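These notes concern the structure reproduced below.
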Amino acid sequence: MTKVLDSVAKETRKIPPKYNFRKKAYIKNFAEYKKLYNESIKTPDKFWAKQAEQLDWFKKWNKVYYWNKSKLECKWFDGGKINISYNCLDRHLEKRGNKTALIWEANKGKGKKFTYKQLYKEVCKFANVLKKRGIKKGDRICFYMPMVPELAIGILACTRLGAIHSVVFGGFSPQSLKDRIDDSRAKILVTSNVNLHGDKVINMKDSVDKIINTCKSIKYVLVNKRLNIKTKMKRGRDLWLQDELKAKDIKDYCEAAKMNSEDISFILYTSGTTGKPKGVVHTTAGYLMYTYLTFKYVFDYHEEDIYWCTADIGWITGHSYIVYGPLANGATSVMFEGIPTYPNPDRFWQIVEKYKITIFYTAPTAIRALERYGDKWVKKHDLSSLRLLGSVGEPINPKAWLWYYNVVGNKKCPIVDTWWQTETGGIMVTPLPGAMDLKPGSTCFPFFGVKANVYREDGKPTRADEGGYIVVEQPWPGMLRTVYKNPERFRKTYFSNFKGGIYFAGDAAKKDKDGYFWIMGRIDDVVNVSGHRLGTSEIESALVSYKGVSESAVVPIPHPIKGNALYAFVTLKKGLKGSDELVQTLRKHVARSIGPIAKPDKIQFADSLPKTRSGKIMRRILKAIASGAEDVGNITTLANPEVVEVLKKERI
């Protein structure tokens, strides 16, 4: 039996929490964690019923937890009535009405602050605009926006009404936007006239106009005026969001809908192993409960904390840990429009100093990129307010972890290195910062209610330090319920690898002799590039859509900054030859088809690709070739083994 992946290098250092941190933490030692964890696994009904008392319910649940393994039906807090927006806003008004809820730091220029009272009123107005335009419970609203406050306000307005939101990352192409609108049958698109990215002004409305006439479900396009520039607007369909919000009939009160626990709250599309993105469906009570509790305990959140997650709301991290988790806890959450190196590589540290950030959550990509600029940019600023650091999006290597700990955190801030996915709704494997000794590069232990394990291909648990598949053996409240309009894809993608309702995450991992988890990256053809989860099949489809390309295969290769880069093997149609000019043309073509983040870093032209006798391209071999390996593994199953040496010789 071969291993799924070779184990990562061993890391033996242990860094315990500082005494002052542990003293104040909710969970102060490993014994406390283990006691609660065992309760959450052995008696989930009892554990989650107790935790759910921290939320505000219109009606309590009849049954905490229901799971049908054969039908893959999962329900949490069934029979209960609750509202996400109410729990993020209304319930805080009496005690925290004048507390800052959201701080928006603009790309440049003046930002904004919203107290809980102000944010509540803005959300109510936005909800009333949607109601005025005919939106009802269950209708889908698509957001294609930069990181502006109107995005956070808009999705909270949707949950207030019971409308289902679908946020599309603002860097995606018009075609990617169209695919997601058409799949969800969204009635309204909320967008911005421009997106600011450093010194660049990107016209988002122009991108929308390229596809919107073919999106038959769209009735209205609400356009946020980010800059006062000339913008094409179609009468009757395109409406300025600011004008809609200022209309005389738009009140700043809107009753929160009493949602069933299992009503859909949002759809978030994520790249899949086939060309079409998957619409991951999250429901109401379970998702809210899980994001609330993970935020509280993973970040050890206390009332006086100022919290900043640098993610984009176009991804699940922004949903769960910029908006819903922090606001459900009554926290002050910072939202950033810009990029970490604009106008200088100390932008992050300048913001930490400016707002006296205490909890900072970012991606390894950003950490590695900023490390390259040297310590001087960090040391220019007073970061003494920081008490906790976090990492999200991909595995962080020990070298970057230690720089983050030593230089940014000044050796006093625990790092919560978190593993989770769009599909999980919230953090799954993580340190609890007051309870656990940290190992640089390890995600430590499962969160409450998460029965995680590492399996071999035959479904048996791996030995210590043996690479395998990370799985979850029983449901948790934040779990996706299905793939939108495609339950068979839900079953096949997440539950077909192992029998008995075992959730298959698609990531490789190991557990060491102490039980610590180490995430080793993707094992399928979904790749993390700069924290963005991209399906290689989508990129391959884009390459093949170019008139001169007959076949393509895309694989990840290690990259010192981005974590992974994309290496494309491209077979041209007969009679055509590759060139540097064609490489650039293909990269631009992919950027137009999917988005700039999907551009291959390297393109190697190949007369043929290694295939099995059934015609399957052996991406394992291509990945080894692209990464520079001399030994590419077993090639006896190939129909054309001679191609391997040719590709190795012509490797870029």
Would you work out the relative contact order for the chain, in percent, from Cα pairs under 8 angstrom that are 6 or more residues apart? 14
One computes Rg over Rh for region 481-531 from alpha-carbon atoms, with the Kirkwood Rh, and obtains 1.06
Can you run phi through the Karplus equation (6.51, -1.76, 1.60; θ = phi - 60°) for region 308-321 and list ³J(HN,Hα) in whole Hz, with x for Gly and Pro? 9, 9, 8, 6, 9, 5, x, 10, 4, 4, x, 4, 7, 10
Going by a 4.7 Å Cβ-Cβ cut-off, which cysteines of the chain have no partner at all? Cys74, Cys88, Cys142, Cys158, Cys215, Cys309, Cys413, Cys444
Compute from the Cα atoms of the chain the Rg and the Dmax, the latter being the longest Cα-Cα distance, and quote both in angstrom. 24.3, 74
Please list 334-343, 292-301, 317-326, 371-380 highest first by mean number of surrounding beta-carbon atoms within 10 Å per residue. 317-326, 292-301, 334-343, 371-380
With a sphere of radius 13 Å drawn around the Cβ of Pro174, what net charge do the other residues whose Cβ falls strictly inside it have (Lys, Arg +1; Asp, Glu -1)? +1
Rounded to whole Hz and in sequence order, give me ³J(HN,Hα) for region 413-427 from the Karplus expression 6.51 cos²θ - 1.76 cosθ + 1.60, θ = phi - 60°, writing x for Gly and Pro. 9, x, 10, 9, 8, 9, 10, 5, 8, 3, 5, 7, x, x, 5
Over region 116-257, what is the relative contact order in percent, taking alpha-carbon pairs closer than 8 angstrom and at least six residues apart? 28
Can you list, bin by bin at 10 Å, the percent of alpha carbon pairs in region 393-535, starting at 0? 11, 40, 35, 11, 2
DSSP bridge pairs, the chain: antiparallel proportion in percent, nearest 5: 60
Inverse of <1/r> over all distinct C-alpha pairs of region 526-649, i.e. the Kirkwood Rh in Å, gives 14.7
Quick one: plug the Kirkwood hydrodynamic radius of region 116-257 (C-alpha pairs) into Stokes-Einstein at 37 °C, 0.692 mPa s, and report D in µm²/s. 218
Using modelled backbone amide H atoms (1.01 Å from N, in-plane), which distant-in-sequence or interchain residues come within less than 5 Å of Ile306's amide H? Thr358, Ile359
Long-range amide H contacts for Val483: which residues qualify at under 5 Å (H placed 1.01 Å from N, peptide plane, sequence gap of 5 or more or a different chain)? Phe490
Can you list the residues of region 67-88 with backbone N under 17 Å from a point 7 Å past the Cα of Asp45, pointing along Cα to Cβ? 67-69, 74-80
Please list the non-local residues whose amide H lies under 5 Å from the amide H of Trp315, H modeled 1.01 Å from N, same-chain partners needing a gap of 5 or more. none
Based only on the alpha carbon positions, what is the Kirkwood hydrodynamic radius of region 269-415, in angstrom? 16.2
For region 273-357, size of Cβ-based charge dipole, Lys and Arg +1, Asp and Glu -1, in debye: 400
Work from the charge dipole of the chain (Cβ charges, +1 for Lys and Arg, -1 for Asp and Glu, about the Cα centre) and give the residue of Ile155, Val590, Gln242 farthest towards its positive end. Gln242
Mean separation of Cα contacts under 8 Å (6+ apart) over length of region 526-649, as relative contact order %: 22
What is the magnitude of the charge dipole of region 526-649 about its Cα centre, with +1 placed on the Cβ of each Lys and Arg, -1 on the Cβ of each Asp and Glu, and no other charges, expressed in debye to the nearest 20? 300
Phi-derived 3J(HN,Hα) across region 643-652 with the Karplus relation (6.51, -1.76, 1.60, θ = phi - 60°), rounded Hz, x for Gly and Pro, is 5, 4, 5, 4, 5, 5, 5, 9, 4, 7
Scoring only Lys, Arg, Asp and Glu (+1, +1, -1, -1) among other residues with Cβ under 11 Å from the Cβ of Pro475 yields +2
Dipole moment magnitude, nearest 20 debye, the chain about Cα centre, only Lys, Arg, Asp, Glu C-beta charged: 1260
Within 9 Å, Cβ to Cβ, of Pro560, how many net charges do the neighbouring residues add up to if Lys/Arg are +1 and Asp/Glu are -1? +3
Given pairs Lys117/Lys205; Lys210/Lys251; Lys112/Lys246; Lys75/Lys296; Lys50/Lys95; Lys136/Lys216 and cut-off 29 Å on Cα-Cα distance, the over-length ones are Lys117/Lys205; Lys210/Lys251
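Laboratory data are not the source of any read-out in this text; all were calculated from the coordinates shown. Source: prediction; values computed, not measured. Positions of Cβ are backbone-derived with ideal geometry, glycine not excepted, and every protein chain shown enters the neighbour counts.
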